[in-house]
Amino acid sequence: MELLKSQLILTHERTIKIHDKTSEQGFCAESLMFIRDLAITLRLSQPCVATAQVYFNIFAVNHSKFKYDCLLLATACLFLAGKVLEQPRHLETFCKGFYERRAAIQMARNPRLQVPPMSPAMLQKFKQSIIDYEFNVLDVIGFNTEIPLPYSYITNFVNSYNLQPKLKDSFLRCANNFANDSFRTLVALKKEAENIARACIFLASKYLNIEAMVVADPETVEIILELYNN
């Protein structure tokens, strides 16, 4: 497979373009990005982000996106992931982070918008909504909160290669960036973590112009690449 570097723009260099925010796909893409941005605000790890994004996608494929508040649902998924991965934050901290991030999105769309401070009544409403959404997510995932992630496989693969330290660091960072991006697709619902890791190693090899050292599932590679074609 021939891959152009212009197609492979890594996470920290771009955001996914949302063509139609009124569509269900647009809402989903925006919510997955919201999870990442809120996690940065709350200083949660990338595994928390990935886990929350999988929770969100499992819920989303089972429900119409127009029947719930996508950003509150995204917040609840991250709240749950933080507890599962032992990085809990206070519920009030999540509510404040949610309100600030949502306000930033609203003001970016309408610079003249004046967003009022969050009132105590609003805080209580958001707390209850996040708790309710968290329970709904748990119900949909069958209370099976453990999500296999590709990161340990990627690390093991890269460490097994005879590479110079600087190249090894670049390779690992590149492969992990592809893994980070993959969670904004449904690939984690279709493929096993090791399968995704192999695809990310393959893509990192192509991006860095070095010999591919693993055999990757072409379907997994194509699913991840779709992100960069939009």
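The values are calculated or read from the model by the stated rules, or taken from the named source; none is laboratory data. Computed from a prediction, not measured in an experiment: that's the story for all the values here. As a convention, Cβ positions derive from the backbone with ideal geometry for all residues, glycine included, and neighbour counts pool all protein chains shown. Surface accessibility is based on the protein's heavy atoms, side chains included, excluding ligands, DNA and RNA. Shrake-Rupley method; radii C 1.70, N 1.55, O 1.52, S 1.80 Å.
Going down the list 83/190; 67/206; 168/191; 83/166, which pairs span over 32 Å between their C-alpha atoms?
67/206; 83/166
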From highest to lowest solvent-accessible area (probe 1.4 Å; ligands, DNA and RNA excluded), 90, 63 read 90, 63
Between the residues 229, 116, 51, the Cα farthest towards the positive end of the dipole of the chain, that dipole coming from +1 and -1 charges on the beta-carbon of Lys, Arg, Asp and Glu, is from 116
Longest principal axis of the chain (C-alpha) makes with the long axis of helix 120-140 (C-alpha) an angle, in degrees to the nearest 10, of 50
Rounded to 0.05, the calculated FRET efficiency for the beta carbons of residue 69 and residue 145 at R₀ = 35 Å is 0.95
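Whole number in Å², please: accessible area per residue of the range 66-162, 1.4 Å probe, ligands, DNA and RNA not counted. Don't jump to the answer; show the numbers that get you there.
Working: 5650 Å² over 97 residues.
Value returned for the range 66-162: 58 Å² of accessible area per residue.
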Whole-percent carbon and sulfur contribution to the accessible surface of the chain (1.4 Å, no ligands, DNA or RNA) stands at 52
Mean-square fluctuation maximum in Gaussian network of the chain, Cα pairs under 10 Å, restricted to 67, 190, 206, hits 67
Per the range 93-181, sqrt(5λ) over the Cα gyration tensor eigenvalues, sorted largest first, in Å, gives 40, 22, 9
By the Kirkwood definition, with r running over pairs of different Cα atoms, the chain has a hydrodynamic radius in Å of 18.6
For the chain, averaging the sequence separation of alpha carbon pairs under 8 Å that lie six or more residues apart and dividing by its residue count, the contact order in percent is 24
With Cα springs under 10 Å, the Gaussian network model of the chain assigns the largest mean-square fluctuation among 34, 171, 143 to 143
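For the chain, what is the calculated [θ] at 222 nm in deg cm²/dmol (nearest 500), taking -39500 (n - 2.57) for each run of four or more DSSP H residues and dividing by its residue count? Write out the running numbers ahead of the final one.
Numbers: 10 runs with 148 residues, N = 230.
Rounded to the nearest 500, it is -21000 deg cm²/dmol.
Taking only the alpha-carbon atoms of the range 34-143, what semi-axes of the equivalent ellipsoid follow from 5 times the gyration tensor eigenvalues under a square root, in whole Å, largest first? Could the numbers behind the result be given before it?
Working: eigenvalues 98, 48, 39 Å².
Working from the Cα gyration tensor, I get semi-axes of 22, 16, 14 Å.
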Among 201, 141, 105, the residue with the largest mean-square fluctuation in a Gaussian network model of the chain built from Cα contacts under 10 Å is 105
